[in-house]
Amino acid sequence: MSGPRGWPVSGWFTALALLLRAGLHPRPPALDVQQRLAMLPLAGAPLSQPVRIRWNARQVPMVEADSDEDLMVALGVVHAHLRLGQIEVLRRLSQGRLSEMIGPLGLSVDQSLRALDLGRAVPAMLAQMPDQDRRLGESFVAGLNHGLLGAAGLPPEFALLGLRAEAWTLAEWLQFARLAAVDISWLVWQQLLPLRQQMDRGQWQALWPRLCQAGMPGSGVLDAREPMSRALSGLLRSGSNAVAVAAARTRGGGGLLASDPHLPLQLPSAWLLAGWRSPGFHCVGMMMPGLPFMLLGRNSWLAWGGTSLHAQSSDLYDVSHLPAEDFSHHRQEVRLRGGGRRWLQWRECALGPVVSEGALWSSRRPLALRWVGHQPSNELGAMLAVARARDVAGFRQALAPYAVSGANMVCCDRAGDVAHLLAARLPQRGSGVPPDLVLEPGDDAHWRGLLGSQQLPMRFNPPEGVVVSANQPPPQGGPPVGWFFAPADRAERWQHLLQAATLLDAGQLKMMQRDVTCPGSLALCQTWLAWIPRDRLGSRTRAVVDLLAHWDGRYAADSAAALAFELLQSRLAYGLRRRAQMRAYQAVWMQRRLLAEDMAALAPDQRLQQLLQALPWVARRLRRHRSWGQAHRLQPRHPLAWLPGWAHCVEPESMAGEGGQTTICKSGHGLVRGRHRASFGSCARQVCDLADPDANDFVLLGGQDGWPGSDTCLDQLALWRRGDYIRLPLTAAAVAQGYPHLTVLLPAP
């Protein structure tokens, strides 16, 4: 391999020059909604008929078209208008072109992304794509191109990152979409592989099964210092809550659905809000920028939400013993920001590409990746069919061509039914935990064919009248889905709150989405307190114990006890384990459970010693950071904030945060030692009531617009903090009343 590790000095000089240039770049002016809408390229669009787009004051569009193809063109224009900078950066990441934006420092990431070859399945996908899906996909791409090439001005990312306006193809779009389909396991592997190499064999073999049985990756995996984590983490649908309530359990007599996805807390938002109306579609919901389908939404008959399945649709193989003739070699030239070109090289074998020679999964031994995403599938067709589904049976059938990334899909229909389905295509594996993180090439027990959505378990109309998905493990008895899942706290809390009411309404679900109580943390806290004799405490440590004894388990911003518990947990964790083992615990986001096991395994005098040593440190930190919200800060991160003088233009002020790692209102963090920024958590909310076609409420953590300086970049933050929502109605009368700004896309003469 050549290139990625060979240019550190020139890379830093280039980065410094780019930072200085960015500091001199003019800051974007403030723009209101009317000024932003005036920037739309309305004339000469690739349409057959004019398309009407109504906008509300938050710059949320309702698109009305006379054909499905024209609808897709208009959606492409809308996505480009609202999020062109974000989409174009992700497009280049999907192609391994980070070096074009930041210079030689991006080479190791490009090495990994090109070896990963996200577009490997694209030729087969194009060959197998149904004609209708191809027409709709090409129409969306045509709209993106009109928004890109026909715009009067380009967002500041183009000048700041050296982007060029390049027309899209459908093949490029399919590769771009694969970036949103990466496995959540990959970020876990990135953290665990170095630890596997550092530990002796016996220590690792004892730790590995505990990690597999413990949980899933959390914010500790999303390490901002790791370039590959930054590249991929924003695309992973790595958490979420989704709840469907049967009509018989609701006050209004129609099904209810609530969903709130969990992602890295970033700006622009990973979501945008929209409504569609055409002969084949009539729906509202949340889309990901650059993807022409509703991942979360509702139509007249059905509402749907989803969470990450945490499915392991890939495996790593040690290919160090394969003969040289089993490998093919690839070489590509990359253009560098600041001038010059470099060559990147990588290998692949029958199992897949060798991915251990770049920034993603660095390893002393060559590792090959086998991934379902390297095989053809049709997520576009599946999700467009979901938007047209009229009942649970149609919803399930729509997901048949879906493969990656695995998702829990939750829905309720107008007939009153609810369901929880697994949307994925997974290797058919043997039961039990795999023997190691890395498998041997001859071990085909883990890939004995593929199982699709129709072969995976489904919950339909359970007796309690609700289905809940919060990234918990699937029910036992089905085929293996993955090894890293969320703890049960959120799912159990949802079930408790839902069962506490005989009948439910949308207002109650909105309150539940903001719940910050964690009974699991409270139970562990009480266990530790029971081990502490009060006669061994001084005045300051006794005050800490008294504070914890009166805690109610809530991670409210003004809670001193929540901060005390997290500080105590952090101090115990570092007191018990070497740093390497703690990183492994954090990588699977189960440090609380694993730490509890470690503490319980100690002799009573050792437990007490650990607690008595930790409490004075906790008392000192509490005097400095007096409440959870003073230490745990909410401030979504914008990539342009890294540039000199840009943070105040693109990011909000730091705010007191609420919630924790395992609360329904998730606000992720690592082990707490002081003031920190929430890195991951709830970033959008949806509540739909099928009893009323207009009762569809959504809100984003941030805003709808990705254009710096727009007054709809951050305007939804205040709504978020208050627990308010934006209404996305389905009826024409409600749209006309609530969406007063009208723009009309016109076809070319």
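A short reminder: the numbers here are calculations on the coordinates, not readings from a lab. Values in this document were obtained by computation on a predicted structure and should not be read as measured data. All Cβ positions, even for glycine, are placed from backbone atoms using ideal geometry, and neighbour counts span all protein chains on display.
Identify the residues of segment 125-148 with backbone N under 16 Å of a label point that sits 7 angstrom from the Cα of residue 48 along the Cα-to-Cβ direction, or state none.
131-140, 142-143
Taking H as built 1.01 Å from N, whose amide H comes closer than 5 Å to the amide H of residue 31, not counting residues under 5 places away?
So residue 31 has HN proximity to 710, 711.
Looking at the chain, do any whole DSSP H helices span at least 27 angstrom along their long axis by alpha carbon and average -1.0 or above on Kyte-Doolittle, and which?
Sorted by number, the helices that extend far enough and score high enough are 68-94, 604-624.
Whole Å is fine, so just give me how far the alpha carbon centre of segment 14-72 lies from that of segment 340-399.
Their Cα centres are 30 Å away from one another.
Provide the net charge surrounding residue 162, with neighbours chosen by a C-beta distance below 12 Å and charges set as Lys +1, Arg +1, Asp -1, Glu -1.
+3
In whole Hz and in residue order, list the ³J(HN,Hα) couplings for segment 52-61 that follow from phi through the Karplus curve 6.51 cos²θ - 1.76 cosθ + 1.60, θ = phi - 60°; x for Gly and Pro.
The phi angles translate into 8, 10, 9, 10, 9, 5, 8, 6, 8, x Hz.
Calculated FRET efficiency, residue 724 and residue 526, Cβ-Cβ r, R0 35 Å, to nearest 0.05?
Here the calculated transfer efficiency is 0.50.
Say each of residue 164 and residue 205 gets a label point 7 Å from the Cα, pointing the same way as Cα to Cβ; how far apart are those two points in nm?
So the two model labels end up 5.5 nm from each other.
Report, for segment 617-749, the % of DSSP beta bridges that are antiparallel, rounded to 5.
Once the DSSP bridges in segment 617-749 are tallied, antiparallel ones form about 85 percent.
Could you derive backbone 3J(HN,Hα) for segment 411-417 from the dihedral phi with the Karplus parameters 6.51, -1.76 and 1.60 (θ = phi - 60°), listing whole Hz in sequence and x where the residue is Gly or Pro?
My calculation for segment 411-417 gives 8, 9, 10, 5, 6, x, 7 Hz in order.
Shape of the chain from its Cα gyration tensor (a ≥ b ≥ c, root eigenvalues): rounded if a/c is under 1.5, otherwise prolate when a/b > b/c, or oblate?
Rounded is the answer for the chain, as its axis ratio a/c remains below 1.5.
Net charge within 13 Å of residue 557 by Cβ-Cβ distance, Lys/Arg positive one each and Asp/Glu negative one each, not counting residue 557 itself?
Once all neighbours under 13 Å are counted, the net charge is +3.
Label segment 83-187 by shape, choosing from rounded, prolate and oblate, from the square roots a ≥ b ≥ c of the eigenvalues of the Cα gyration tensor; if a/c is under 1.5 it is rounded, and otherwise prolate applies when a/b is larger than b/c, oblate when it is not.
oblate
Note down the nm distance, to one decimal, between modelled labels 7 Å out along Cα→Cβ at residue 397 and at residue 495.
Distance between label points: 3.3 nm.
Whole angstrom only: what separates the Cα centroid of segment 440-518 from the Cα centroid of segment 256-278?
Between the Cα centres of segment 440-518 and segment 256-278 lies a distance of 20 Å.
Treat each spin label as a single point 7 Å out from the Cα along the C-beta direction, and report the residue 327 to residue 455 distance in nm.
3.3 nm
Enumerate by residue number the trypsin sites (Lys or Arg not before Pro) in segment 591-673 meeting two conditions: DSSP loop (anything except H, G, I, E, B), and at most 14 other Cβ atoms within 10 Å of the site's Cβ.
626
Counting only helical runs of four or more DSSP H residues, what would the 222 nm mean residue ellipticity of the chain come to if each run contributes -39,500 (n - 2.57) and the total is spread over all its residues?
-11000 deg cm²/dmol
How much net charge surrounds residue 421 when only the other residues with a Cβ under 14 Å from the Cβ of residue 421 are counted, with Lys and Arg +1 and Asp and Glu -1?
0
Quick one: what are the phi-derived ³J(HN,Hα) couplings along segment 33-49, Karplus 6.51/-1.76/1.60 with θ = phi - 60°, whole Hz, x for glycine and proline?
Karplus-based 3J(HN,Hα) across segment 33-49 equals 4, 4, 5, 5, 5, 5, 8, 5, x, 7, 8, x, 6, x, 10, 8, 9 Hz.
Between residue 412 and residues 5 or more places away or on another chain, which pairs have amide H atoms under 5 Å apart, with H built 1.01 Å from N, and which residues are they?
Hits under the 5 Å cutoff: 303.
Can you list residues from other chains, or at least 5 along the same chain, whose modelled amide H is less than 5 Å from the amide H of residue 266?
637
Calculated FRET efficiency, residue 546 and residue 131, Cβ-Cβ r, R0 60 Å, to nearest 0.05?
Computed FRET efficiency for residue 546 and residue 131: 0.30.
Just subtract the alpha-carbon distance of residue 335 and residue 733 from 0.36 nm times their residue separation and send over the number in nm, one decimal.
138.1 nm
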